[in-house]
Amino acid sequence: MPAAPLRFITFEGGEGAGKSTQIRLLAESLRTRGEKVVVTREPGGTPGAEQIRALLVEGGAGRWQAESEALLHFAARAEHLAAVIRPALADGHWVLCDRFADSTIAYQGYGQGLDLAWLWTLRKHIVGATEPGLTLMLDLPVEAGLARAETEQRYERMGLDFHRRLAEGFRAIAAAAPERCRRIDAARAIDPIAGDIRAAVGARYAMTL
Ligand code: TMP
């Protein structure tokens, strides 16, 4: 029998897909059932990883070599896994994370053109057995997402072609891991999206939400 999926749910997608609203709603649904939930984000989630986040999301688009950028994301992730994600899972919490390793494959691999095999090798070393049990890919046309994005940070300034490539990346990642990834049509109102997310969580973890 395959191992039960970790109660580690990641939310992925391009800019402006409404991930934070949907994470908040799913956390509320789980807490209403008496579940313990940790909500966190990447890059970030620990004081050190939040400092790395500032290095990554601020400044000019060409601030980093793509390799340096990928390594900074993985450095932040190693801190986050050790200090927050693994302890919370071990303590029986659900962990809901706004972005995780699929973002590195999509943004730094498909978007910035880094070698995908190298990124997957790093991922295996850093993430190990702590791969998400479920990844919700919030899918929205690139132009609509960029128009909705609330901030004007470094990645939002990387151009339409960059954002089209990473959208294609998320689709390829989802196609290669259909047991873990669910595509959610994010071009709708908040409630139907939240309903689909609850259904996906219910199906994956054999529970009613
Ligand atoms: P956020 O705006 O969704 O909080 O994420 C911060 C930015 O960091 C977002 O534009 C995507 C980008 N990012 C990467 O490029 N690689 C990564 O591995 C992660 C986690 C985020």
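Here are the numbers for the structure shown:
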{"item": "All positions within the stretch 135-145 that are surrounded by fewer than 17 Cβ atoms within 10 Å (Cβ to Cβ) and either among the hydroxyl-bearing types (S, T, Y) or under 20 Å from Q22 (Cβ atoms) (or both)", "result": "P141, A144"}
{"item": "Among (1) buried (at least 19 other Cβ atoms within 10 Å of the Cβ); (2) without any contact (Cβ under 8 Å) to a residue 24 or more places away in the chain, the one test that A186 misses", "result": "(2)"}
{"item": "Qualifying positions in the stretch 152-173 - exposed (fewer than 15 other Cβ atoms within 10 Å of the Cβ) and either of a type in the set (S, T, Y) or under 14 Å from Q112 (Cβ atoms) (or both)", "result": "R157, G159, D161, E168"}
{"item": "Residues of the stretch 10-37 satisfying the condition of being of a type in the set (G, A, S) and either buried (at least 17 other Cβ atoms within 10 Å of the Cβ) or within 18 Å of D196 (Cβ to Cβ) (or both)", "result": "G13, G14, G16, A17, G18, S20, A27, S29"}
{"item": "Meets criteria (open to solvent by less than 80 Å² (accessible area, probe 1.4 Å), touching a Ser or Thr at 6+ places or on another chain (Cβ under 8 Å) and either over 28 Å from V57 (Cα atoms) or part of a helix (DSSP H, G or I) (or both)) for L209", "result": "yes"}
{"item": "Qualifying residues in the stretch 106-124 (those that are buried (at least 20 other Cβ atoms within 10 Å of the Cβ) and either in contact with a Lys or Arg (Cβ under 8 Å, 6 or more places away or on another chain) or of a type in the set (G, A, S) (or both)) - the one nearest to F162 (Cα to Cα)", "result": "G111"}
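The values are calculated or read from the model by the stated rules, or taken from the named source; none is laboratory data. Predicted model, so just to flag it, every value in this text is computed and none were measured. Here the Cβ is made from the backbone with ideal geometry for all residues, glycine too, and neighbour counts use every protein chain on show. Accessible surface is based on the protein model in full, side chains and every heavy atom, while ligands, DNA and RNA are left aside. Shrake-Rupley method; radii C 1.70, N 1.55, O 1.52, S 1.80 Å.
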